[in-house]
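A short write-up of the structure that comes next.
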Amino acid sequence: MDCPTKHCFYGTYILTFAKAHVCSLIYMSAAYGSIALVTPRVLAVIQFDWLPVRPCCRSAMLKTVAKKTKQTFSGKPVFDLKVFLDTAGAARHIERFRRLEKIYSQGDPAKGVKYIQTGDVKLSVINEDGKEAVVAILGPGDFLGEGCLAGQTVCMGTATAMVSTSILSIEKNEMMRVLRTEHALSDLFISHMLTRNIRIEEDLVDQLFNSSEKRLARALLLLARYGKEDEPHAVLHKVSQETLAEMIGTTRSRVNFFMNKFRKLGFIKYNGGLQIHASLLSVVLHD
């Protein structure tokens with residue numbers, strides 16, 4: 001139990017506790033000026049008898065204790081991050097997309113943040129000539145569309161579902177409110193943004209200094225979630241060579257050449273999908 005703190009009220013001391021949840025029942029005897037505190041787990045019943053309370057002060061004391069008690073036990077509900085991200089609610093709703101269905105397109109109004117519950121999403125940009133480049137492949141637990149929080153009024157790229165995907169859409173104002181008030185979500189979001197920033201820097205270095213073969217090997221390992229805390233994907237589904245070419249900035253024919261090479265060396269295997277072996281890391285580390 002926390003150490004009590006004495007507060008003077010018209011010559012009478014009222015016992016309070018630093019943590020609001022300690023006291024579940026407050027009983028005041030107007031006749032003897034005593035206060036009994038009963039903890040939620042009935043750890044102790046503490047009785048304090050002091051000098052009789054002056055009649056003029058009884059009413060004020062009762063109101064003060066009642067007010068404190070109301071503030072203590074009628075606060076806002078405890079925020080549950082999992083429930084917030086897994087269910088629909090005020091200013092947020094769940095959308096489901098089929099494979100190859102667009103979640104939003106480049107140039108659409110940026111109205112909110114989206115959270116991937118299940119599935120995989122491809123982020124891409126298209127230039128004026130119609131050439132497409134894949135910026136990232138995102139999976140469950142990732143956010144997208146967060147540019148609206150920084151003042152972007154339109155979507156800078158296109159988000160496409162690579163498989164059947166479930167998305168939680170959170171309106172901009174709601175997302176900003178929850179980020180300010182709930183540390184659990186703000187911690188998760190900051191971690192996501194920092195990880196994303198690191199990934200972008202690594203992609204830039206990879207693009208500038210590594211060969212297309214190394215870039216392809218790294219892209220495959222990232223898609224297989226190599227080195228992640230959760231279980232890596234045993235098999236990758238629905239990742240075309242064209243998508244891989246757009247990810248690493250090369251042609252489809254070059255991707256096809258290196259994929260055949262990786263298969264012959266035993267780094268990858270086609271078995272109802274694309275299976276990636278950890279031994280592919282040797283291609284990335286090889287000088």
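Take every pair of alpha-carbon atoms less than 8 Å apart whose residues are at least six positions apart; their mean separation over the length of the stretch 81-207 yields a relative contact order of 34 percent. Less than 5 angstrom separates the built amide H of GLY157 from those of GLY107, all sequence-distant by 5 or more or on a different chain. Listed from fewest to most Cβ neighbours within 10 Å, the set LEU244, LEU144, LEU222 follows the order LEU222, LEU144, LEU244.
Charging the Cβ of each Asp and Glu at -1 and of each Lys and Arg at +1, and nothing else, the dipole of the stretch 141-235 about its Cα centre rounds to 180 debye. Estimated at 0.36 nm per residue, the fully extended path between ILE190 and LYS238 surpasses their Cα-Cα distance by 14.3 nm. With the simple model of a label 7 Å out from the Cα in the direction of the Cβ, ASN260 to GLU201 spans 3.9 nm.
For LEU236, the residues whose modelled amide H falls within less than 5 Å of its own, excluding neighbours fewer than 5 places apart on the same chain, are LEU274, GLN275, ILE276. What the Cα convex hull of the stretch 140-287 gives, in volume per residue, is 138 Å³. What residues from the stretch 131-174 fall in the zone where the backbone N is under 17 Å from a label point 7 Å along the Cα-to-C-beta line of ARG98? Of the residues in the stretch 131-174, 160-167 have backbone N under 17 Å from the label point off ARG98. One quarter of the surface of the convex hull around the alpha-carbon atoms of the stretch 81-207 equals 7.9 nm², the direction-averaged projected area.
Quarter the surface of the alpha carbon convex hull of the stretch 149-235 and you get the mean projected area, 8.0 square nanometres.
FYI, it's all coordinate maths here, none of it is from the lab. As the structure is a computational prediction, the values presented were derived from the model and not from experiment. Here the Cβ is made from the backbone with ideal geometry for all residues, glycine too, and neighbour counts use every protein chain on show.
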